[in-house]
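Undergrad: One structure follows; several queries about it will come next.
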Number of protein chains: 2
Amino acid sequence: MSKVKYGQMSKMKTETLEYRHDDVVFRGHLVHDPARTSELPGVLIVHEAWGLGDFVKQRAEKLAEMGYVAMAVDMFGEAKQASTSEEGMGWTRALRADVPRLRGRILAAHEALLGCPQVDRARVVSIGYCFGGTTSIELARSGAPLAGVVSFHGSLATTHPAEPGAVKAKVLVCTGADDPFVPPAQVQGFVEEMTRAGADYQVVIYGGSKHSFTNPKAAERGVAGLEYNRMADQRSWSAMHAFFEEIFFRT
Amino acid sequence: MSKVKYGQMSKMKTETLEYRHDDVVFRGHLVHDPARTSELPGVLIVHEAWGLGDFVKQRAEKLAEMGYVAMAVDMFGEAKQASTSEEGMGWTRALRADVPRLRGRILAAHEALLGCPQVDRARVVSIGYCFGGTTSIELARSGAPLAGVVSFHGSLATTHPAEPGAVKAKVLVCTGADDPFVPPAQVQGFVEEMTRAGADYQVVIYGGSKHSFTNPKAAERGVAGLEYNRMADQRSWSAMHAFFEEIFFRT
């Protein structure tokens, strides 16, 4: 851990958390509220195809304010960010084609978060956006002992479907009815996969919503089918919050 | 209005609310908290195929305690309850085959609730279970000026799909992934109907859940495919609550 700094107006504490997997160095972005001294639930936040940027850092800040130790994960190494949409989509395509490597990276991030003294190791979830949602679901499929995972407009297809009994994490999927990257047949395939696996899962379909509905800058990427939707953003955040309440505080 | 009585342990006030449609007399079950003196949001609660019984009355009581004027609707007339599953399913089949009559009955209940002095007419929703979910969605399709409708394991098929622009109510559908009466193709057909209609809608699919997942006595009906699911019951109730918070208090 290095580069401890305090945000300008924020009372949250921000650190860079370094970890390794297969000789690659990753730099996560860890945020928590130093005023809370008891062990706190931990949240991994996995970025979109563009890498660990402001969007997930802002969500980490928000989650830290809500009382979680939030770690924005680095899936590309050295906290690389894509300079073009094509570059980011190339990186995620390569990782998705190599599921063991993808799972290895998110498992390494999970281990790193578990090593933080502020984190209650029994109460950890992974959430993610787009590629990060896919990654969080791969972490669940891997059988990692998490409390839960949440995917926001993540692709639900995989080359490594969950084995029966493998999924320990409760699963919440938030998806747009008009998302061209997550079409109805893919959602139904996921439902069937999770049913076969015996997973505890929920899928929420938001009407009038395309891909990347949580990101106010979605349209700036110049990729067709991406669009911010304020209602779906708020509703899915609220659904996540209710999910956390259930798994962290009621069971 | 007649038969004012107070529940044994409850501080809620219960009344029978009579109303008419096409020469049939209906007897709704109205509950509110007399300690709350300001105008309150109103909730129509529509019963399953078995008629206005204890299940919806208990939900009405719960909603009244939460601060709503709750009216358990009578869709069969004279507050009739089915003596067998076959009888109830026969009654609902007949109503579903005559959508104008079905809509007329729920619209009459809606009018009756709007006539109650405790109700804030701008803040009314309709929720329902099984046949009652279907009925609430038909009310939305009719273009009635409601704030919202919620269907719990209601059939989503109709002979009168919503016209573009018709649906004024926000729509929340809670459905079981393993509900044989609401199979995936029906859910997808509903998504397409609502998209074409330009409705504001959300669909939540609960894994491991069959038909009637909210009703602890589901299995007693002796109908295949009905099963209580405690998690899906709690989660869908919590989703409804978040939906009410949004439409009644945040917009």
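The values are calculated or read from the model by the stated rules, or taken from the named source; none is laboratory data. Note that this is a predicted model, so its numbers are computed, not measured. With ideal geometry, Cβ positions are generated from the backbone for all residues, glycine too; neighbour counts draw on all protein chains shown. For the accessible areas, the whole protein counts, side chains as well, though only heavy atoms, and no ligand, DNA or RNA atoms are used. Shrake-Rupley method; radii C 1.70, N 1.55, O 1.52, S 1.80 Å.
Undergrad: Any idea which of B:171, B:124, B:204 is in contact with a helix residue (DSSP H, G or I) (Cβ under 9 Å, 6 or more places away or on another chain) and away from every other protein chain (no Cβ under 13 Å)?
TA: Testing whether each residue is in contact with a helix residue (DSSP H, G or I) (Cβ under 9 Å, 6 or more places away or on another chain) and away from every other protein chain (no Cβ under 13 Å) leaves just B:124.
Undergrad: Only one of (1) in a helix (DSSP H, G or I); (2) more than 10 Å from chain A (Cβ to nearest Cβ) is not met by residue B:166, so which one is it?
TA: (1)
Undergrad: Being part of a helix (DSSP H, G or I) and more than 11 Å from every other protein chain (Cβ to nearest Cβ) is true for just one of A:193, A:220. Which residue is that?
TA: A:220
Undergrad: Moving on. Hey, does segment A:3-13 have a residue that's at pLDDT 95 or above, in contact with a strand residue (DSSP E or B) (Cβ under 9 Å, 6 or more places away or on another chain) and under 28 Å from residue A:100 (Cα atoms)?
TA: Scanning segment A:3-13, I find no residue that is at pLDDT 95 or above, in contact with a strand residue (DSSP E or B) (Cβ under 9 Å, 6 or more places away or on another chain) and under 28 Å from residue A:100 (Cα atoms), so the answer is no.
Undergrad: Can you tell me which residues in segment B:188-222 are among the acidic types (Asp, Glu), open to solvent by 30 Å² or more (accessible area, probe 1.4 Å) and closer than 29 Å to residue B:145 by Cα?
TA: Looking only at segment B:188-222, we keep the residues that are among the acidic types (Asp, Glu), and these are B:192-193, B:200, B:220.
Filter once more, so that each one left must be open to solvent by 30 Å² or more (accessible area, probe 1.4 Å): B:192, B:200, B:220.
Within segment B:188-222, B:192, B:200 qualify.
Undergrad: Something else now. Tell me, yes or no, whether segment A:191-209 has at least one residue that is modelled with pLDDT under 95 and of a type in the set (Val, Ile, Thr). Can you show your working first?
TA: As a first pass, look at segment A:191-209 and keep what is modelled with pLDDT under 95: none.
The answer is no; no qualifying residue exists.
Undergrad: Sticking with this structure for a sec: So, in segment B:177-187, how many residues would count as being within 11 Å of another protein chain (Cβ to nearest Cβ) and either open to solvent by less than 50 Å² (accessible area, probe 1.4 Å) or not in a helix (DSSP H, G or I) (or both)?
TA: Here the count works out to 4.
Undergrad: Across segment A:223-251, what is the total count of residues that are surrounded by fewer than 22 Cβ atoms within 10 Å (Cβ to Cβ), facing chain B (nearest Cβ under 9 Å), within 20 Å of residue B:202 (Cα to Cα) and not small (Gly, Ala, Ser)?
TA: Residues flagged as surrounded by fewer than 22 Cβ atoms within 10 Å (Cβ to Cβ), facing chain B (nearest Cβ under 9 Å), within 20 Å of residue B:202 (Cα to Cα) and not small (Gly, Ala, Ser) within segment A:223-251 amount to 3.
Undergrad: Could you list, in sequence order, all residues of segment B:109-127 that are open to solvent by less than 20 Å² (accessible area, probe 1.4 Å) and within 16 Å of residue B:138 (Cα to Cα)?
TA: B:109, B:110, B:124, B:125, B:126, B:127
Undergrad: Any residue at all in segment A:138-161 that is surrounded by 19 or more Cβ atoms within 10 Å (Cβ to Cβ), without any contact (Cβ under 8 Å) to a residue 40 or more places away in the chain and β-branched (Val, Ile, Thr)?
TA: Scanning segment A:138-161, I find at least one residue that is surrounded by 19 or more Cβ atoms within 10 Å (Cβ to Cβ), without any contact (Cβ under 8 Å) to a residue 40 or more places away in the chain and β-branched (Val, Ile, Thr), so the answer is yes.
Undergrad: If I ask for residues that are surrounded by fewer than 24 Cβ atoms within 10 Å (Cβ to Cβ) and of a type in the set (Gly, Ala, Ser), which ones from segment A:162-176 would you list? Write out each step before concluding.
TA: Step one: list which residues in segment A:162-176 are surrounded by fewer than 24 Cβ atoms within 10 Å (Cβ to Cβ), which gives A:162-166, A:168, A:170.
Within segment A:162-176, A:162, A:165, A:166 meet the criteria.
Undergrad: Moving on. Taking interchain pairs and intrachain pairs at least six residues apart, which have beta carbon atoms under 8 angstrom, with the first residue in segment B:170-181 and over 19 Å from residue B:244 (Cβ atoms) and the second among the hydroxyl-bearing types (Ser, Thr, Tyr) and open to solvent by 10 Å² or more (accessible area, probe 1.4 Å)?
TA: B:177/A:195; B:178/A:195; B:181/B:155
Undergrad: Hey, can you tell me all the residues within segment B:5-61 that are touching a His at 6+ places or on another chain (Cβ under 9 Å), surrounded by fewer than 21 Cβ atoms within 10 Å (Cβ to Cβ) and in a loop (DSSP other than H, G, I, E, B)?
TA: Answer for segment B:5-61, where residues must be touching a His at 6+ places or on another chain (Cβ under 9 Å), surrounded by fewer than 21 Cβ atoms within 10 Å (Cβ to Cβ) and in a loop (DSSP other than H, G, I, E, B): B:12, B:53.
Undergrad: Out of curiosity, is residue A:93 surrounded by fewer than 24 Cβ atoms within 10 Å (Cβ to Cβ), of a type outside the set (A, V, I, L, M, F, W, C) and without any contact (Cβ under 8 Å) to a residue 24 or more places away in the chain? Don't jump to the end; show me each part of the working.
TA: On the way: surrounded by fewer than 24 Cβ atoms within 10 Å (Cβ to Cβ): yes; of a type outside the set (A, V, I, L, M, F, W, C): yes; without any contact (Cβ under 8 Å) to a residue 24 or more places away in the chain: yes.
For residue A:93, the condition - surrounded by fewer than 24 Cβ atoms within 10 Å (Cβ to Cβ), of a type outside the set (A, V, I, L, M, F, W, C) and without any contact (Cβ under 8 Å) to a residue 24 or more places away in the chain - is met.
Undergrad: Moving to a separate point now. Checking the conditions here, which among A:103, A:93 is of a type in the set (Lys, Arg), farther than 26 Å from residue A:123 by Cα and not in a strand (DSSP E or B)?
TA: Answer to the selection: A:93.
Conditions (1) touching a residue at least 60 places away in the same chain (Cβ under 8 Å); (2) more than 20 Å from residue B:151 (Cα to Cα), marked per residue:
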residue	(1), (2)
B:15	no, yes
B:27	no, yes
B:45	yes, no
B:50	yes, no
B:57	no, no
B:62	no, no
B:67	no, yes
B:76	no, no
B:88	no, no
